[in-house]
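Structure first, then comments.
The values are calculated or read from the model by the stated rules, or taken from the named source; none is laboratory data. Here the structure is a predicted model, which is why all the values come from computation and not from measurement. Here the Cβ positions follow ideal geometry from the backbone for every residue, glycine too, while neighbour counts run over all protein chains shown. Heavy atoms of the whole protein, side chains included, go into the accessibility calculation; ligands, DNA and RNA do not. Shrake-Rupley method; radii C 1.70, N 1.55, O 1.52, S 1.80 Å.
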Amino acid sequence: MAKKKKYYVVWKGLKPGIYETWEETKLQILNYEGAKYKSFENLNEAEIAFSRNYTEYITTNSTLKKENKNLSKPEREMLENSISVDAACAGNPGIMEYRGVITASGKEIFRQGPYRDGTNNIGEFLALVHALALLAKKDDSKTIIFTDSQTAMSWVKNKKVKSTLVQNENNKILFELMDRALTWLHNNPIKNKIIKWETDIWGEIPADFGRK
């Protein structure tokens, strides 16, 4: 079966615009700090998105808002007091980045990368620890953290990274970040509840990069 065509909007990159291939898109975002982009199923959706700024688009088109009518009251209350994290990686290993958003609005609160020669699991793990450290710094132990990665949850729980990724000059920074994350986990108690995002029920996690 032929792979379904997608369109990629780059709001912030070397040259903002709409691109028809991931290869073209990568050239606009690789090593560009704070790059903002997302994939779309058709050109019309991409054009509508590009006509608005990134924050406005993400805030008004979050997964939670679209799925809200299907949530029970306890689910809605839980999701409204939470943040969501996710990672994306083009290749394995490949170009990886991760981010965290406010679940209810989709507003981005942190974003790191892109990093070269990374993996999705490492990105999910770093995103989860980043969220934990951010909330700890704010002395916030009530906000829930959602992740769709069981692997990342396991690595955080066991305070151990089980990755077969081989270190090289391109991804040396990722190994440094993992060491820092593990040091943080060993020196700080985990006070926030971490919950697996139920994609089958709620749709894609709000922090999703939209590359699927």
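Of all residues in region 137-158, those satisfying the criterion of being in contact (Cβ under 8 Å) with a residue 60 or more places away in the chain, in a loop (DSSP other than H, G, I, E, B) and hydroxyl-bearing (Ser, Thr, Tyr) are Thr143, Ser149. Close Cβ contacts (under 8 Å, 6 or more residues apart or on different chains) running from residues in region 179-197 that are closer than 19 Å to Ser141 by Cβ to residues that are at pLDDT below 95 and small (Gly, Ala, Ser) comprise Lys191/Ser141; Asn192/Ser141; Ile195/Ser82. Annotation: Leu165 fulfils all but one of (1) in a loop (DSSP other than H, G, I, E, B); (2) surrounded by 18 or more Cβ atoms within 10 Å (Cβ to Cβ); (3) of a type in the set (A, V, I, L, M); the unmet one is (2).
Glu176 falls short on exactly one of the conditions (1) under 24 Å from Lys137 (Cα atoms); (2) surrounded by 13 or more Cβ atoms within 10 Å (Cβ to Cβ), and that condition is (2). Condition check for Asp208 on (1) free of Cβ contacts under 8 Å to residues at least 12 places away in the same chain; (2) under 22 Å from Ser39 (Cα atoms): one failure, at (1).
Ala88 falls short of the stated requirement of being open to solvent by less than 20 Å² (accessible area, probe 1.4 Å) and modelled with pLDDT of 95 or more. For region 100-109, the condition of being touching a Gly at 6+ places or on another chain (Cβ under 9 Å), at pLDDT 95 or above and under 24 Å from Tyr37 (Cα atoms) holds for none of the residues. Residues of region 88-136 that are farther than 16 Å from Ile173 by Cα, among the β-branched types (Val, Ile, Thr) and part of a strand (DSSP E or B): Val101, Ile102, Ile109.
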